[in-house]
Amino acid sequence: MFKFENPLNKIRDSVNTTVSESRLPSEGYDSTVGIYGGKLQMTPDNRMIWNNSGIISQIDKWGDAILRNYDEHVIKNLGELISRHPKLFFKFIMPGAKRYRGSKDEILNNIQRLGLGDVYGGHEDGIEIKDKELYRHGIALQDLMRSDLLDSDDLNQVNRFQALDEAGSYLRNVHDNYGAVGEILPNDFIFRKNENGKVKDAVLNLPDIVFNQDKNISDREQKATDILDFIISAGAEEFRRSNGDLGSVRLAMNTILSSYGDRHIIALVKSYLKRGRLTLMGDQKFIGANLDPNSFTTKNRTIFTKHNEARVANNKDMEASLKTIALEICDKVTTDIK
């Protein structure tokens with residue numbers, strides 16, 4: 001998303017480009033929303049399929065699971081832990097991802113659990129997009145936030161903050177009625193309607209990221225993970241769109257959290273931020289996480305942040321600002337909500 005010269009970044013960006021096999025087939029403009037883990041195809045009988053049976057899809061699924069090992073958290077004081085519990089070293093090296101791109105059956109379970117059975121369904125080669133019009137004529141939140149890069153009057157007439165407000169309230173409804181999603185970024189919301197510059201009727205993009213059932217992650221923790229993903233990624237998008245206007249970033253995060261409105265989940269998001277989640281290079285400058293600058297994991301932060309940089313942000317100074325603002329807005333909203 002935001003690139004600086006670093007050999008590891010070039011590898012990450014190359015992989016990210018390779019595994020994005022197609023894009024959302026929006027009519028009227030070239031969508032920025034990549035399709036990962038599979039390729040969109042039309043069958044001879046005019047069905048739209050997310051086909052995850054190819055070799056690239058399998059490589060993506062395998063690589064995704066490995067890279068996500070350090071998305072959520074990295075031990076602050078590895079040396080101290082190993083000195084007390086030497087056997088935990090191997091668990092640190094490969095702890096197992098808390099989330100990963102699911103198999104076809106796992107994704108179908110996610111679809112049914114989230115009440116999306118009228119939008120997506122099973123197919124022998126992957127997942128069918130039953131609502132083809134959603135992908136062709138719907139408006140993705142990511143495209144709205146990048147409308148300055150696209151040539152579309154439909155996108156340009158929409159207020160992106162109104163879209164963020166709709167997305168936040170829609171996510172609250174999903175959480176209250178169905179539970180956490182698995183991953184929430186701006187590309188995970190598609191609006192069916194655009195009425196005089198106001199988007200409505202949000203729908204989740206294909207929910208292909210699933211929580212690891214072996215990790216025993218509570219429902220509350222899963223929801224906080226969704227929200228943390230969303231405010232940091234949306235903040236990164238707004239940072240780019242507004243040319244680094246931190247006031248605009250604050251407005252974006254405040255809009256999301258105020259419309260979401262669950263102070264207990266937002267309070268847990270605040271706790272996550274203080275513990276160093278998400279794992280980003282900017283944590284080295286983020287005073288809220290209180291990282292030891294001389295620790296192994298801080299010095300080698302570059303190794304542990306590759307996946308989050310690909311899906312969320314890639315600029316150390318911006319990342320520190322995003323987390324600082326996120327803490328500030330979490331404090332504000334939990335106070336404002338009665």
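Just so it is clear, none of the values below were taken in a lab; they were calculated from the coordinates. As the structure is a computational prediction, the values presented were derived from the model and not from experiment. Ideal geometry is used to build each Cβ from the backbone, glycine not excepted, and the neighbour counts take in all protein chains shown.
If you take the square roots of the eigenvalues of the alpha-carbon gyration tensor of the range 110-155 and sort them as a ≥ b ≥ c, do you get rounded (a/c under 1.5), prolate (a/b over b/c) or oblate?
Here the range 110-155 falls in the prolate category.
I need the shape label for the range 85-211. Rule: rounded when a/c is under 1.5, else prolate if a/b > b/c, else oblate, with a, b, c from the alpha carbon gyration tensor.
Judged from the Cα gyration tensor, the range 85-211 comes out prolate (a/c at least 1.5, a/b above b/c).
Using the Karplus curve 6.51 cos²θ - 1.76 cosθ + 1.60 with θ = phi - 60°, work out ³J(HN,Hα) for each residue of the range 112-121 in order, rounded to whole Hz, and write x for Gly and Pro.
Working through the residues one at a time gives 5, 4, 8, x, 10, x, 7, 9, 10, x Hz.
Among the listed pairs 200/323; 132/274; 200/223; 98/130, which have their C-alpha atoms separated by more than 32 angstrom in this model?
Checking Cα-Cα distances, 132/274 exceed 32 Å.
Based on the Cα gyration tensor of the range 216-281, what are the three equivalent ellipsoid semi-axes, each the root of five times an eigenvalue, rounded to whole Å and given largest first?
With the √(5λ) rule applied to the range 216-281, the semi-axes are 22, 14, 9 Å.
Compute the separation of the alpha-carbon centres of the range 226-258 and the range 148-207 and state it in Å as a whole number.
A separation of 14 Å, based on Cα centres.
So what are the ³J(HN,Hα) numbers for the range 155-164, from phi and the Karplus equation (6.51, -1.76, 1.60; θ = phi - 60°), rounded to whole Hz, Gly and Pro as x?
Once θ is set to phi - 60°, the couplings for the range 155-164 become 6, 5, 7, 8, 7, 5, 6, 5, 5, 5 Hz.
Taking the Cβ of residue 230 as the centre, find all other residues whose Cβ is under 10 Å away and add up their charges (Lys, Arg: +1; Asp, Glu: -1).
-4
Taking the highest mean first, how do the peptides 104-110, 229-235 order by number of other beta carbon atoms within 10 angstrom per residue?
Order by mean packing, descending: 229-235, 104-110.
So for the range 146-288, averaging the separation of alpha carbon pairs under 8 Å that are six or more residues apart and normalising by length, what relative contact order in percent results?
27
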